[in-house]
Each structure stands twice: as structure tokens, then as C-alpha cells.
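Scroll down for the structure; my scribbles are underneath it.
The values are calculated or read from the model by the stated rules, or taken from the named source; none is laboratory data. This is a predicted model, so every value here is computed, not measured. We place every Cβ from the backbone using ideal geometry, glycine too, and count neighbours over all the protein chains shown. Areas reflect the complete protein model, heavy atoms only, side chains present, ligands, DNA and RNA absent. Shrake-Rupley method; radii C 1.70, N 1.55, O 1.52, S 1.80 Å.
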Amino acid sequence: MAGSVHRENLAARAGRWSARHWKTAVFGWLAFVLVAFALGNVVGTNSLSVNEPGPGESGRVQRILNDEFEQPAKELVLVQSSSLTAASARFHATVQDVVRRLEAQPNATNIESPFAPGSAGRVSSNGHSALVEFDIRGKSEDAKDKVEPILAAVADAQRASPQFTIAEFGGGSVNKGISDQFGKDLLKAGALSLPVTLVILLITFGALVAAGIPLLLALTSVLAAIGLLALPSKVLPMDDAVNAVVLLIGLAVGVDYSMFYLKREREERAAGRSERASIEAAAATSGRSVLISGCTVIVAMAGMFISGDKTFEGFAAATMLVVAISVLGSLTVLPALLSKLGDRVNKGRVPFLRSPDQRVGESRFWGAIVERVMRRPLLSGVLAAGVLIALAVPALRLQTTQNSIESYPRSLAVIRTYDKIQKAFPGDALAAQVLVEAPDVRSDAARSAIRELRRRALASGEMFRPIEIDVNSAGTVALISIPIAGNGTNSASKHAVQTLRDDLVPATVGRIPDATTGVGGMTASSIDFEHQFRQRTPYVFAFVFALTFVLMLLAFRSIVIALKAIVLNALSVAAAYGILVLVFQDGIGRGLIGASSGGIESFMPMFLFVILFGLSMDYHVFILSRIREGVDHGMSTDEAVEHGIKTTAGVVTSAAIVMVLVFSVFITLSFDLLKQFGVGLAAAVLIDATIIRGVLLPASMKLLGDWNWYLPSWLEWLPRVAVATEPEPIPEASPVPAAR
């Protein structure tokens with residue numbers, strides 16, 4: 001029997017226990033996944049309310065509105081004719097037909113015809129368009145669940161009058177349309193990414209069983225995480241996009257961790273170790289890398305809590321949970337399955353591909369590249385860094401924009417209706433909300449100030465009719481809705497809000513005695529959201545950098561390695577930012593992927609940073625662990641670098657291809673924000689696995705030599721995260737063909 005490797009670290013102990021108690025580990029995992037998923041279905045995941053207050057002045061306004069007003073979802077039905085005007089009897093009859101159909105709907109209330117007294121503003125200036133306004137009964141967050149019968153009634157009205165355009169737009173219909181399309185996109189992402197991942201795994205391992213294990217572990221981790229999210233959602237409600245993020249991250253890390261583990265176990269078997277000894281060696285080495293990498297990813301994701309935004313806090317909880325579950329599965333279920341399967345993990349050979357036994361050893365392709373880099377490290381490093389800096393330079397021009405109706409897919413019927421309403425009634429579909437809180441908003445002074453605000457708003461040329469006023473039952477809060485120029489997030493809309501905040505409101509309602517005022521609404525929220533993110537982003541970066549430095553310092557006991565990890569990963573993130581600017585801001589190739597926005601979503605830089613910084617550490621930790629292992633076993637730094645990169649390059653490349661293809665699936669989806677996820681993540685992972693790990697890492701390690709492992713004497717007190725003993729001698733193994 002071949003000797004074994006004993007390494008006293010947590011991953012090694014977990015792997016050894018799981019291998020010896022495989023039934024408990026495997027069936028315990030399956031039970032855990034089933035219970036977690038069932039628990040989620042029973043408990044239910046709480047979603048963020050559409051009226052969730054954001055940061056700044058707009059958030060303060062929204063909190064008061066939530067307390068003082070019922071705020072039902074408002075809906076508009078557009079009735080439009082290219083030939084008839086609102087003055088015609090046929091037009092009147094069509095509008096009345098719409099009103100009658102709405103009155104028959106139990107959840108449609110406060111229905112207002114454009115021809116009712118005081119509703120002249122609901123007919124367009126050219127007379128060819130009119131709006132029927134109504135509310136959906138109940139809370140606005142429940143409107144999307146009640147709007148479908150109303151949409152059907154409007155569709156019936158359209159069929160009854162085909163010569164007219166009759167279509168609905170509003171809070172409930174938009175939320176339903178977006179939610180339904182988002183669900184379709186998520187299903188499409190799963191339907192495309194799973195077979196793509198399986199194909200790459202089959203090519204990598206050459207056997208069906210070995211390829212299926214990483215995918216199975218990743219999927220079960222995702223299912224468990226989605227189920228368990230129901231628990232934190234009771235305290236921290238989740239955004240509707242959270243399942244897409246869990247799928248994205250869960251597939252990425254779950255497949256990566258399994259591939260690293262399985263590849264090392266195969267190498268140990270090819271080197272002549274027994275099945276049990278190979279599993280223990282993989283647990284002690286790759287398992288330890290998985291543990292360190294997982295902790296680093298979790299730390300990076302935790303940075304999102306600093307954002308102060310509920311959506312990001314939900315993303316943080318979700319991603320940390322799925323990564324923790326993936327790490328747990330990799331350290332327990334994986335060694336248990338491998339101990340049970342043994343060499344049968346290579347069953348189900350794929351025809352025309354090399355046998356599994358030929359897929360271990362050093363990569364010839366990457367070996368040739370690394371050898372050239374090591375011969376000319378300075379030139380290689382300068383060229384690689386130059387390419388990355390050139391890609392990163394456009395990021396200096398990065399401009400953010402808030403996710404809005406303008407960035408939603410124009411293929412959605414409700415969004416096409418919005419475009420028509422905006423054209424016929426500029427600013428009507430989107431309004432700024434001016435809030436006035438005073439002891440008596442019905443007083444003569446308050447009424448006079450509100451009239452003056454209306455007069456000045458219309459005179460500004462940036463705001464339009466109809467200006468609507470709602471007062472709470474106590475008479476202490478007035479809400480003034482003012483349609484504004486622009487599309488809600490562009491410069492025209494933002495300037496209109498600033499005009500209200502800086503000039504009109506202080507000069508009018510702001511002078512009411514003992515009054516508190518504020519400007520809210522979608523555009524104001526966008527301004528405040530972007531401002532908060534600009535303020536918080538440096539703190540997020542500092543948090544992630546600092547904790548990553550500490551983790552890497554503890555893992556490798558080297559200040560140089562810890563600092564270099566931060567610099568190299570920051571370079572790949574910066575290059576990804578630059579590519580995002582080139583595509584989504586400058587428009588290079590934007591038409592090819594069907595994107596419409598002219599800027600980067602305001603939360604995208606922070607979100608991509610934490611995700612990419614965490615994921616890129618997977619490869620970094622895996623490769624560095626192998627290099628450090630070589631140094632610990634007597635190799636020189638140069639020898640260890642060459643050996644470490646050559647032996648890990650194959651699996652790192654395969655893992656990167658899986659990530660790149662999975663992330664690229666998101667480029668094919670409908671929403672700009674998902675396309676930006678896909679482009680940013682795919683570009684960064686590709687750069688990280690090639691230029692960073694294949695060129696910059698070996699070049700920098702060659703140039704620094706033994707300084708790579710520098711630890712000042714005053715830091716010798718740091719705990720040793722893993723203590724390893726030298727491996728026992730093993731029998732000579734037959735030469736193994738090099739992996740390409």
C-alpha cells in the first residue's frame with residue numbers, strides 16, 4: 001500500500017472523516033438539501049417592497065409617504081388613434097368602453113375618465129391620445145398579483161376596437177411584466193448554462209461520472225441556498241434578482257471547488273497512491289485551498305453590507321450563503337463520493353476523447369508559455385501589465401446611471417406603452433414627488449405656497465401638467481406630483497429635480513411655518529442612490545482589501561504574497577471596468593448584444609468588484625498553494641512556480657472556461673443589467689485566468705525570488721493556519737502522459 005500524506009488542517013480532517021463515513025456524509029447532504037429547499041417553500045422568501053425607502057432625501061420622503069398614505073399602484077390606459085381626435089364621438093365611445101370594462105374589475109378603483117370634469121390634462125395636445133387613470137385596490141406591492149385580469153380586460157377592449165391603440169402602463173403592470181420576463185430570463189440562463197457546463201466538464205475529465213459530480217454538487221448547493229434564503233429574508237427582504245445571483249455564483253464556485261479537488265485526487269492516484277491516500281492528500285491540499293478561497297470570497301461578498309442598500313445587503317447574504325454551502329459540500333460530500341466510487345469515478349468514458357488516465361500531469365501548452373515568461377520575466381511582466389492598464393484606462397471615464405424603465409427591454413408590451421405615453425404626454429408617466437409636512441397643509445398660507453409652486457414649476461419649462469395634489473386624512477402631509485422633463489434618469493430629469501430641490505421648493509412651500517419639505521420619486525431616488533454609492537464605494541474597497549490581505553497573510557505567511565494578490569486582482573477588475581465602459585458607454589459592440597443603455601448601472605462597479613475579487617481568488621489561492629507546497633518540499637521558488645502553474649493550468653483553464661461561458665449566457669438575456677453582469681464577469685475571469693495567472697503571476701514571482709516569502713520577524717507570532725509534515729515515500733509510478 002502506498003504511503004499517505006498527513007496534514008493537520010480542518011479540510012484534511014473533514015475529508016478523512018467523510019471518506020470513512022461516506023453514507024453519513026452523502027445521505028446527510030441530500031437530506032440537508034431537501035430540508036432546506038422544502039423549508040424555503042414552506043416559510044416563503046420575503047421580497048423587497050416596491051416602496052422600500054432608499055437613501056437620502058428621497059428615502060425620507062418615501063418613509064413619510066409609507067406612514068401617511070395608502071399608496072395604491074396607479075395605472076394608466078392609453079387610448080390613441082392616428083386619425084380620430086378626442087372630440088369625435090367614436091373616440092368618446094371607445095374611452096367609455098374602456099371605463100366600463102375597468103368598472104367591472106373588482107380590483108380597479110378610483111377610475112377617472114379623461115372626459116370627466118377637471119381631467120382636461122389627460123388628453124394630449126394634438127387630441128389624438130387620451131389617458132384613463134385608475135388605482136389597483138390594496139397595497140402597491142401586491143398590485144402585480146392583481147393586475148392580470150385588468151390587463152385581460154384592456155386587451156379585450158383593444159380587440160373590440162382594433163383601429164385604436166389601447167394599452168396599459170403603471171406600477172402593477174410594469175412590475176408584473178418585468179417579473180415575468182426576469183423569470184423567463186432566469187430559466188433561459190439555467191437551460192443554457194447547465195448543458196454548457198456539462199460539456200466543458202466532459203471535455204475536461206473525459207468521463208461522465210467525473211463530469212457529473214461537480215455539476216451535481218453545484219446544483220444542490222444552489223437549491224439549498226435558495227431554500228435557506230427564506231430565513232434571513234424575514235429580517236432582510238430579498239430583491240427579485242437574488243435567485244439569478246445565487247445561480248450565477250453557486251455554479252461558478254461549486255464547479256470550481258469540485259474541479260480543483262477532483263483533479264488533485266486524480267493526480268495522487270496517477271502518482272501511485274492508494275484510493276484512500278489520494279483522497280486524504282486532495283483534502284489536505286486542494287481542500288485547504290477551497291477553504292481559504294471560500295473564506296476570501298465570503299469576506300469579499302460581506303463588503304456589500306457596507307453599501308447601506310437593502311438590495312445589496314440581500315445580495316451579500318445570498319452570495320455568502322451559497323459560497324459557504326459550496327465549501328461545506330466540497331469538504332464533505334466530495335471526499336465521501338470519491339471514497340465510495342474509487343477509480344469508478346472514471347466510468348462513462350466519452351468516445352474520441354483522451355482517457356481519464358491521460359489527463360493528469362503538466363500542461364504542455366501552459367508549460368511552454370510559463371517557460372518563456374520565466375526566461376524573460378521583466379519583459380513579460382511589463383507587456384502583460386501594459387495590456388491590462390490599456391484596458392483599464394477607459395474606466396477613468398466611467399459614468400453610472402440608475403436602472404430605470406429606459407433600460408428595460410423594449411420588447412415588453414408595457415414598456416412600448418410607456419414610450420407611447422411619454423411621446424404623447426411628456427413627463428406624465430414619471431413625476432417628481434414634492435412632500436410638504438406641516439401642522440395644517442390646508443391653511444391659507446399652505447394653499448398659497450402650493451399654488452405658487454405649481455405656477456413656478458410650469459413656468460420653468462422643465463415641468464408639465466397635470467400637477468396633482470393629495471392630502472392625508474389628518475391634513476398634516478401634502479403630496480404634490482409634478483411631471484418632469486426627460487426619461488426619468490437622464491440629465492433633463494435630474495436637472496428638473498435639482499431645480500425643485502434648490503430653487504422652487506425652498507422659495508415656495510419651504511417657507512410655510514414649521515414645514516418640512518422634500519423631493520422624492522424615481523429620479524430623486526436615482527440621484528440619492530448614486531450619491532450614496534459614490535460615498536460608500538471607497539469604504540467597500542478598503543474593507544475587502546484589508547480583510548483579503550489579512551486572510552492571505554495568514555494562509556501563506558508572506559506580506560509580499562498578500563500585497564501581490566490584491567494588486568493582481570485589482571488589475572483584472574480594473575480591466576473589466578474598462579471593457580464595460582467600451583461596450584455599454586462608448587457603444588463598441590453594444591448593438592451585437594442588444595444592449596440599450598448609455599451608461600453603467602450605478603451599483604455595477606461595487607457589485608462587480610466584490611464578486612470578481614472573490615472569484616478571482618479561487619485561482620490565485622489554488623495556484624499559490626501548489627507553489628508553496630513545492631517550496632515546502634524543497635524546490636527553489638523558480639522550480640516551484642513552474643511546477644505549480646504547469647500542474648494547475650489545465651484545471652484552472654477548464655474552470656475559467658466554465659465560468660466565462662456561464663457568465664456569457666447572461667449577455668444573451670433581456671435586461672441591460674444582466675448583460676453588464678455577463679460582460680464584466682466573463683471578461684474579468686478570462687483576463688484573470690490567462691494574463692494574470694499565466695504571465696503576471698509567474699513573472700512577478702521570478703523577479704522577486706525568495707522575497708516572495710518575506711515575513712518580518714515581528715510578525716512571526718502569526719498563527720500557522722495549516723501545519724504540514726513531509727509526505728511519506730511512495731512507490732515509483734509509471735510516467736504519466738502530459739496533459740495538453
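For the reader, a short list of remarks on this structure follows.
- Selection over region 145-175 of residues that are part of a helix (DSSP H, G or I) and touching a residue at least 60 places away in the same chain (Cβ under 8 Å) gives a count of 9.
- Identity of the residue in region 395-426, in a helix (DSSP H, G or I) and more than 27 Å from the chain's Cα centre (by Cα), that ends up surrounded by the fewest Cβ atoms within 10 Å (Cβ to Cβ): LYS423
- Subset tally (residues that are under 17 Å from GLY518 (Cα atoms) and either open to solvent by less than 30 Å² (accessible area, probe 1.4 Å) or not acidic (Asp, Glu) (or both)) for region 464-474: 4
- Residues (aliphatic (A, V, I, L, M) and surrounded by fewer than 20 Cβ atoms within 10 Å (Cβ to Cβ)) located in region 491-511: ALA492, ALA507
- Test for LEU84: is it modelled with pLDDT of 85 or more, open to solvent by 40 Å² or more (accessible area, probe 1.4 Å), out of contact with any strand residue (DSSP E or B) (no Cβ under 9 Å at 6 or more places or on another chain) and not in a helix (DSSP H, G or I): yes
- The set of residues in region 584-603 that are under 26 Å from VAL297 (Cβ atoms) and modelled with pLDDT of 85 or more contains only PHE584.
- For GLU57, the test of being charged (D, E, K, R), under 30 Å from ASP309 (Cα atoms) and either over 30 Å from the mean Cα position of the chain (by Cα) or open to solvent by less than 50 Å² (accessible area, probe 1.4 Å) (or both) is failed.
- Within region 195-209, the set of residues being in contact with a helix residue (DSSP H, G or I) (Cβ under 8 Å, 6 or more places away or on another chain) and either open to solvent by 40 Å² or more (accessible area, probe 1.4 Å) or of a type in the set (Asp, Glu) (or both) comprises VAL196, LEU198, ILE203, LEU208, VAL209.
- Within region 217-231, being in a helix (DSSP H, G or I), open to solvent by 20 Å² or more (accessible area, probe 1.4 Å) and more than 15 Å from LEU248 (Cα to Cα) holds for one residue alone: LEU228.
- Tally, over region 23-48, of residues that are within 17 Å of ASP240 (Cα to Cα) and not small (Gly, Ala, Ser): 5
- Scoring LEU547 on the criteria (1) surrounded by fewer than 22 Cβ atoms within 10 Å (Cβ to Cβ); (2) under 18 Å from TYR710 (Cβ atoms) leaves a single failure, condition (2).
- Listed by first and then second residue, the pairs with beta-carbon distance under 6 Å, at least 6 apart or on different chains, first residue in region 56-73 and among the basic types (Lys, Arg), second at pLDDT below 90 and open to solvent by less than 40 Å² (accessible area, probe 1.4 Å), are ARG63/PRO53.
- Residue within region 597-620 that is in a helix (DSSP H, G or I), in contact with a Lys or Arg (Cβ under 9 Å, 6 or more places away or on another chain) and β-branched (Val, Ile, Thr) present: no
- Selection of region 564-573 for residues being touching a helix residue (DSSP H, G or I) at 6+ places or on another chain (Cβ under 7 Å) and open to solvent by 30 Å² or more (accessible area, probe 1.4 Å) yields only LEU571.
- Per-region count, region 60-79, residues within 18 Å of THR109 (Cβ to Cβ), open to solvent by 30 Å² or more (accessible area, probe 1.4 Å) and either part of a helix (DSSP H, G or I) or at pLDDT 85 or above (or both): 1
- Pairs, first within 19 Å of TRP17 (Cα to Cα) and among the hydroxyl-bearing types (Ser, Thr, Tyr) in region 311-336, second open to solvent by less than 20 Å² (accessible area, probe 1.4 Å) and not in a helix (DSSP H, G or I), C-beta under 6 Å, six or more apart: none
- Scope region 413-466; condition farther than 17 Å from ARG122 by Cβ and aromatic (Phe, Trp, Tyr); matching residues: none
- Options ALA392, ALA429, ALA384: the member that is crowded, with 20+ Cβ neighbours inside 10 Å, at pLDDT below 80 and farther than 30 Å from GLU265 by Cβ: ALA429
- Condition check for SER481 on (1) of a type in the set (S, T, N, Q); (2) buried (at least 22 other Cβ atoms within 10 Å of the Cβ); (3) assigned to a strand (DSSP E or B); (4) under 34 Å from the mean Cα position of the chain (by Cα): one failure, at (2).
- Yes/no for PHE260 being aromatic (Phe, Trp, Tyr) and open to solvent by less than 10 Å² (accessible area, probe 1.4 Å): yes
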